[in-house]
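Just below is one structure, and these are the notes that go with it.
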Amino acid sequence: MIYLDHHATTPCDARVLEAMLPFFTEKFGNAASRQHAFGWAANDAVEQARRQVAALIGAGSKDVIFTSGATEANNLAIKGAAKARQGERDHLVTVGTEHRAVLDPMKRLERDGWRLTVLPVDRLGRIDLAALEQAITPRTALVSVMAANNEIGVLPPIKAAAALTHAQGAWCHTDAVQAVGKVPFDIEALDVDFASLTAHKVYGPKGVGALYVRRNKRGVTLAAQLDGGAHERGLRSGTLNVPGIVGFGQAAEIARGELTEEAGRTLALRDRLLNALEATTDGMTVNGALNARLPGNLNVSFEGIDGAALLVGLDDIAVSSGAACTAAEPSHVLVALGLSKDRALASLRFGIGRTTTAAEVEYAAAKVADVVTRLRALSPV
Ligand SMILES: *Cc1c(COP(=O)(O)O)cnc(C)c1O
């Protein structure tokens, strides 16, 4: 099997696993145990990881709160910020192409009485900054715009979105899961207030993530969603996942060191894949803008093809036709771009990653061309 689904998850880097292992065995202490060396060793390791994760986004380490992943980080930012501003403001803004871990907490708040604006995108998946500016009012508590789309790889203008948000006294959250470690991401330059991260999309373990929470500016604060031992500045109670956090730190350090080289390599492979597909396959269109896009992302759709048959035919290539969590249904992202249900289902998302080779990309392109040709020959459409 060739793995080309690095937006769904990435394999844990061997260097990450190696860093984690002692924290399952001899260094098993609870990072909150303040009275003995087992606890101190665990706490030191967590604080080192916090510095490593913070460095990847240009933050101070005190601004990083560890969570169980980005779903939790998104929920904490969105529900926590709304709760903190309840009574004062009553409106939220996001975009139709966001991940469900942003859209669903937003919709839950809407059911709880918040007003919600979900902005549309154009056919290339881009937001209209003028429409965003119009949507944000002095009643808006939080605006959430992702840093990189997990299906079409498009990179929205986060910095401009944050500036428009702050002009109305609202706070800005970004789901930065797909951007961080893949493209430069500097939290100070972007000036967002909250950013969600997860380890398993940057060659770290599953089940650990982080929320960046800005301090000492614009009165930014959060209401905790879990109550307990007041870990993580009181914002996220619960015994820390020390091995996972150590792995996240190591993964962040590697990503920071290798980002430029890796982005260049994955971009070259992406272009190679696209060129090979374009040379062999008619009736194919790229979904989403090709400029301002994640280097390792390609998303294409095919005319007159049954999406399910396409995936069945690609039996030795791991790709997806949408986000990992929502197969069978057409992708809400592609529908937001204006694709029909059938066309959205006849789409493939390729995610090129750290270990992808040119030979794998060439093989995948040839296989796709072969399956598409075969399906077209069979089908009367
Ligand atoms: C994977 C992903 C998430 C969910 O992260 P988990 O850590 O798996 O909960 C959220 N947002 C985006 C954009 C993602 O790609």
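For the reader, a short list of remarks on this structure follows.
- When a 1.4 Å probe is rolled over the protein heavy atoms, the share of accessible surface on the stretch 208-354 that falls to carbon and sulfur comes to 51 percent.
- The chain: most fluctuating residue of T357, T280, T25 per GNM, C-alpha cutoff 10 Å: T25
- Subtracting the Cα-Cα distance of E133 and T260 from 0.36 nm times their residue separation leaves 42.4 nm of extension gain.
- Candidates per chymotrypsin sites (Phe, Trp or Tyr not before Pro) in the stretch 1-103, loop by DSSP, up to 13 other Cβ within 10 Å: F24, F28
- The Cα center of the stretch 236-294 and the Cα center of the stretch 114-132 differ in position by 25 Å.
- Estimated FRET transfer efficiency (A328, A223; beta-carbon r; R0 45 Å; 0.05): 0.80
- Label sites at D370 and E303, each approximated as a point 7 angstrom past Cα along Cα to Cβ, lie 2.5 nm apart.
- Bridgeable aspartates and glutamates around K27 (alpha carbons under 16 Å apart, same-chain partners fewer than 8 residues away excluded): E18, D44, E47.
- Greater than 20 Å apart at Cα, pairs in K83/K217; K62/K217; K79/K341; K182/K206; K107/K201; K107/K206: K79/K341; K107/K201; K107/K206
- Ellipticity estimate at 222 nm from DSSP helix runs (n ≥ 4, -39,500 (n - 2.57)) divided over the chain, nearest 500: -13000 deg cm²/dmol
- Screening the chain for whole DSSP H helices of 18 Å or more along their axis (Cα) with average Kyte-Doolittle hydropathy at least 1.0 returns none.
- Antiparallel DSSP beta bridges within the chain, as percent of all bridges there, nearest 5: 50
- Ligands, DNA and RNA are left out, and with a 1.4 angstrom probe the accessible area of the stretch 1-154 is 44 Å² per residue.
- Of all segments of the chain bounded by GluC sites (Glu not before Pro) found in a DSSP loop with no more than 10 other C-beta atoms within 10 Å, the longest spans 89-381.
- Sites Y363 and L290, calculated FRET efficiency, Cβ-Cβ separation with R0 25 Å, nearest 0.05: 0.65
- Taking the DSSP beta bridges with both ends in the stretch 122-227, the antiparallel portion is around 45 percent.
- Contact order normalised by residue count of the stretch 6-129, Cα under 8 Å, 6+ apart, percent: 14
- Label point 7 Å beyond Cα of R34 along Cβ direction - residues of the stretch 239-271 with amide nitrogen under 18 Å: 239-240
- Computed over the chain: relative contact order in percent, which uses C-alpha pairs under 8 Å that are six or more apart: 23
- Three-way shape label, the stretch 230-381, alpha-carbon gyration tensor, a/c 1.5: prolate
- Efficiency of FRET between D316 and D342 - r from beta-carbon atoms, R0 30 angstrom, step 0.05: 0.75
- Solvent-accessible area, 1.4 Å probe, carbon plus sulfur percent, for the stretch 34-112: 46
- Selection among A147, G204, N43 by position relative to the dipole of the chain gives N43 as farthest towards the positive end (Cβ unit charges, Cα centre).
- Longest DSSP-loop-exposure-free segment, trypsin sites (Lys or Arg not before Pro), the chain, at most 15 other Cβ within 10 Å: 219-381
The values are calculated or read from the model by the stated rules, or taken from the named source; none is laboratory data. All values reported here derive from a predicted model rather than from experimental measurement. Quick reminder, even Gly has a Cβ in these numbers, built from the backbone with ideal geometry, and neighbours come from all protein chains shown. The protein model used for the area step is the full one, side chains on, heavy atoms only, and it has no ligands, DNA or RNA in it. Shrake-Rupley method; radii C 1.70, N 1.55, O 1.52, S 1.80 Å.
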